[in-house]
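Report on one structure; see the data block that follows.
The values are calculated or read from the model by the stated rules, or taken from the named source; none is laboratory data. On a predicted model such as this, the values are computed, not experimentally measured, just so you know. Every residue, glycine among them, receives a Cβ derived from its backbone with ideal geometry; neighbour counts consider all protein chains shown.
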Amino acid sequence: MDQIKIGKFIAEQRKAKGLTQSRLAEQLLISDKTVSKWECGYGLPEVSLMLPLCEILEISVNELLCGERLEISEYKQKAEEIIMNFVQEREENKKKIFACIISVVATLLSSISLIMVAGLFEMEVWQRVMLISIACVTMVFGIFVVCVMESSAGYFECQHCKTRFVPALGSYIMGVHGITWRRLKCPECGKVSNCRKRLSKK
């Protein structure tokens, strides 16, 4: 989905209704910054807000997700395209996560192999130090690359407001985490919680 196109469409329909960002936000019980974020293409309305937003702007959810007014004949085709986009996004994120797992395994095997060679075979001290240093650099670099890949593979869902977002790399790396969650600050409500990993935006 084209977030910029959807944002422009929301702005057009809001203005057509004679509403300010503040007035629209007030009706939806959210901040005007959230409306501004949508209209600038930096995010999409949450599922819980889509129907109320569409009712206020007198558009359909299908039109909202397409970012344009639709003729009746276009509804079925556009609905199918939206569903396929969601499916494709999920599949791409699954592949990214699988690639992350492979990268972690490869990084660990490389580093452990170098450390074992340094410990098991006879060699000069400087050679042993060099191998261990290479192993450490390989591990740190590999983990960093995996973090970059994994942070963009899907979204994290806030436990409080259910917003799904992609965290900044710094907060992602530093966040306390488990296998399927990471402790992050939600950009929408500002609360910190154990955010669950999700494969799609919705």
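Looking at segment 31-70 only, could you name the residues that are assigned to a helix (DSSP H, G or I) and touching a Ser or Thr at 6+ places or on another chain (Cβ under 7 Å)?
Taking segment 31-70 as the starting set, the residues that turn out to be assigned to a helix (DSSP H, G or I) are 32-39, 47-57, 61-66.
Passing the criteria: 32, 54.
The selection criterion, being surrounded by 14 or more Cβ atoms within 10 Å (Cβ to Cβ), modelled with pLDDT of 90 or more and not in a helix (DSSP H, G or I), holds for residue 19. In a loop (DSSP other than H, G, I, E, B), surrounded by fewer than 16 Cβ atoms within 10 Å (Cβ to Cβ) and not aromatic (Phe, Trp, Tyr): does that describe residue 170? No, not satisfied.
Condition (residue is outside any helix (DSSP H, G or I), surrounded by fewer than 16 Cβ atoms within 10 Å (Cβ to Cβ) and out of contact with any Pro (no Cβ under 8 Å at 6 or more places or on another chain)) applied to segment 144-155: is it met by at least one residue?
For segment 144-155, residues outside any helix (DSSP H, G or I), surrounded by fewer than 16 Cβ atoms within 10 Å (Cβ to Cβ) and out of contact with any Pro (no Cβ under 8 Å at 6 or more places or on another chain): present.
The single condition among (1) surrounded by 13 or more Cβ atoms within 10 Å (Cβ to Cβ); (2) within 27 Å of residue 159 (Cα to Cα); (3) more than 19 Å from the chain's Cα centre (by Cα) that residue 107 does not meet is (2). Filtering 61, 35, 87 for residues that are within 18 Å of the chain's Cα centre (by Cα) and among the hydrophobic types (A, V, I, L, M, F, W, C) leaves a single hit, 87. Polar (S, T, N, Q), within 23 Å of residue 152 (Cβ to Cβ) and surrounded by fewer than 16 Cβ atoms within 10 Å (Cβ to Cβ): is that true of residue 85 in this structure? Yes: the conditions hold for residue 85. Scanning segment 25-64 for residues that are out of contact with any Cys (no Cβ under 8 Å at 6 or more places or on another chain), aliphatic (A, V, I, L, M) and under 12 Å from residue 7 (Cβ atoms) yields 35, 44. Among the residues of segment 71-81, write down those that are loosely packed, with under 15 Cβ neighbours inside 10 Å and either in contact with a Leu (Cβ under 7 Å, 6 or more places away or on another chain) or not in a helix (DSSP H, G or I) (or both). Across segment 71-81, the qualifying residue is only 71.
Would you mind stating whether residue 173 is more than 30 Å from residue 49 (Cβ to Cβ) and over 27 Å from the mean Cα position of the chain (by Cα)?
Numbers: more than 30 Å from residue 49 (Cβ to Cβ): yes; over 27 Å from the mean Cα position of the chain (by Cα): no.
Judged against the criteria, residue 173 is not a match.
Could you pull out the residue among 112, 132 that is out of contact with any Phe, Trp or Tyr (no Cβ under 6 Å at 6 or more places or on another chain), buried (at least 16 other Cβ atoms within 10 Å of the Cβ) and among the hydrophobic types (A, V, I, L, M, F, W, C)?
On the way: 112 fails: buried (at least 16 other Cβ atoms within 10 Å of the Cβ).
Among 112, 132, only 132 is out of contact with any Phe, Trp or Tyr (no Cβ under 6 Å at 6 or more places or on another chain), buried (at least 16 other Cβ atoms within 10 Å of the Cβ) and among the hydrophobic types (A, V, I, L, M, F, W, C).
In this structure, does residue 107 turn out to be closer than 30 Å to residue 136 by Cβ, hydroxyl-bearing (Ser, Thr, Tyr) and either modelled with pLDDT of 90 or more or in a helix (DSSP H, G or I) (or both)? Judged against the criteria, residue 107 is a match.
Quick one: in segment 136-181, which of the residues that are of a type in the set (S, T, N, Q) and without any contact (Cβ under 8 Å) to a residue 40 or more places away in the chain is farthest from residue 99 (Cα to Cα)? Outline the logic, then answer.
Let us first name the residues in segment 136-181 that are of a type in the set (S, T, N, Q), namely 138, 151-152, 159, 163, 171, 180.
Then keep just the ones that are without any contact (Cβ under 8 Å) to a residue 40 or more places away in the chain; that gives 138, 151, 159, 171, 180.
Values: 138: 17, 151: 13, 159: 27, 171: 22, 180: 16 Å.
Selected residue: 159.
Whether a residue is closer than 17 Å to residue 6 by Cβ and either modelled with pLDDT of 85 or more or out of contact with any Asp or Glu (no Cβ under 7 Å at 6 or more places or on another chain) (or both) was assessed, and residue 83 passes this test.
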